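This report concerns only the one structure given below.
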Amino acid sequence: MSQQEQPKRPQEPVKYGDVFEVSGELADRRIAPEDARMMQAKETSALGHTQKGGIAATMQSAATANRRAGFVEPGVATYLDPDRGVSVEQTDVPGARVTKESIGVQDVGQYVEPRPVSTAAMGVSVQSKITIGQALEATVHTAGKKPVDQSDAAAIQAAEVRASSNNVIAPGGVAASAQSAADYNAPIEFDENKIKLADVLTGAAGKLQEDKAVTKQDAEGVVSAELRNNPNLSTYPGGVADSVTAAARLNAKGDI
């Protein structure tokens, strides 16, 4: 680099659509320092700390880059307001705590953290592992508003098969309901008229004929099924595959 050359500034500001899977007006909004501050405050209030590498940290990095490049001013919020700004919600499900973070009305991140479930065995307290059914139920809290499509149905079927010792899909069970929902939704134009994951997966653990603790192999099978049936060859954030994978990871951490 010659003495006259200077490092180039970024030509475009970092927008929400560049770092999160969001759509519409939000995707085109610049991430500003006040946006990040609000999310950091929400995370700290709900979690007691800011998640390392989480949503607030990502927003802070983007806001800093935008400020240094002159795209935004300190103390400015480009999108957020007190009523529809950011939210961090936590829901306890068997074996885990689900944290969902949103900007406006769009979800941008989910975390699943272990939550001890104690059962008494000969006077000894042991921690139960998360089952496939419980992982499916967790999806209600992370992606319950998502309309059911073929990739969801395939992932749910793969999960039910792995929960069963005979690899049989039960008529009227969770997988059958998911497939019916996907078939019903396919020709419908508007999402508000479609059957959602919450409609299919609420109470899933009780609907399975058999259930078992989630393993790495179970998660790999569910992920593969969702990927094969998704035109974009990707899994849905916080969806069935993500929930089962998170459960498998937490179960593996509990192994001695």
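The values are calculated or read from the model by the stated rules, or taken from the named source; none is laboratory data. Being a predicted model, the structure only gives us computed values, none of them experimental. All Cβ positions, even for glycine, are placed from backbone atoms using ideal geometry, and neighbour counts span all protein chains on display. Remember, those area values only see protein heavy atoms, side chains included, never the ligands or the DNA or RNA. Shrake-Rupley method; radii C 1.70, N 1.55, O 1.52, S 1.80 Å.
What are the residues in the range 204-238 that are open to solvent by less than 90 Å² (accessible area, probe 1.4 Å) and of a type in the set (S, T, Y), if any? Walk me through it before giving the result.
From the range 204-238, those open to solvent by less than 90 Å² (accessible area, probe 1.4 Å) are 204-206, 208, 210-215, 218-219, 221-227, 229-230, 234-235, 237-238; that's our starting set.
T215, S224, S234, T235, listed by residue number.
Taking the stated definitions as given, is R249 modelled with pLDDT of 90 or more, surrounded by fewer than 17 Cβ atoms within 10 Å (Cβ to Cβ) and over 14 Å from V161 (Cα atoms)?
no
So how many residues does the range 111-140 have that are under 18 Å from G238 (Cβ atoms) and at pLDDT 80 or above? First the steps, then the outcome.
Step one: list which residues in the range 111-140 are under 18 Å from G238 (Cβ atoms), which gives 111-115, 130, 132-140.
Applying the additional criterion that residues be at pLDDT 80 or above yields 130, 132-140.
So the count comes out to 10.
Of the numbered conditions (1) modelled with pLDDT under 95; (2) buried (at least 22 other Cβ atoms within 10 Å of the Cβ); (3) of a type in the set (D, E), E189 fails exactly one; give the number of that condition.
All conditions pass for E189, except number (2).
Hey, any hits in the range 51-67 for a residue that's at pLDDT below 90, within 21 Å of the chain's Cα centre (by Cα) and open to solvent by 60 Å² or more (accessible area, probe 1.4 Å)?
The answer is yes, given that some residue of the range 51-67 is at pLDDT below 90, within 21 Å of the chain's Cα centre (by Cα) and open to solvent by 60 Å² or more (accessible area, probe 1.4 Å).
Would you call K194 open to solvent by 10 Å² or more (accessible area, probe 1.4 Å) and over 19 Å from A246 (Cα atoms)?
Values: open to solvent by 10 Å² or more (accessible area, probe 1.4 Å): yes; over 19 Å from A246 (Cα atoms): yes.
Yes: the conditions hold for K194.
Tell me which helices (runs of 4 or more DSSP H) are completely within the range 185-235 and hold 3 or more residues being of a type outside the set (A, V, I, L, M), or say none if there are none. Lay out the reasoning, then the answer.
Values: elements: 197-201, 204-207, 216-228.
Here the list reads 216-228.
Could you say which residue among V93, V108 is in contact with a Phe, Trp or Tyr (Cβ under 7 Å, 6 or more places away or on another chain) and at pLDDT below 85?
Working: V93 fails: in contact with a Phe, Trp or Tyr (Cβ under 7 Å, 6 or more places away or on another chain).
It is V108.
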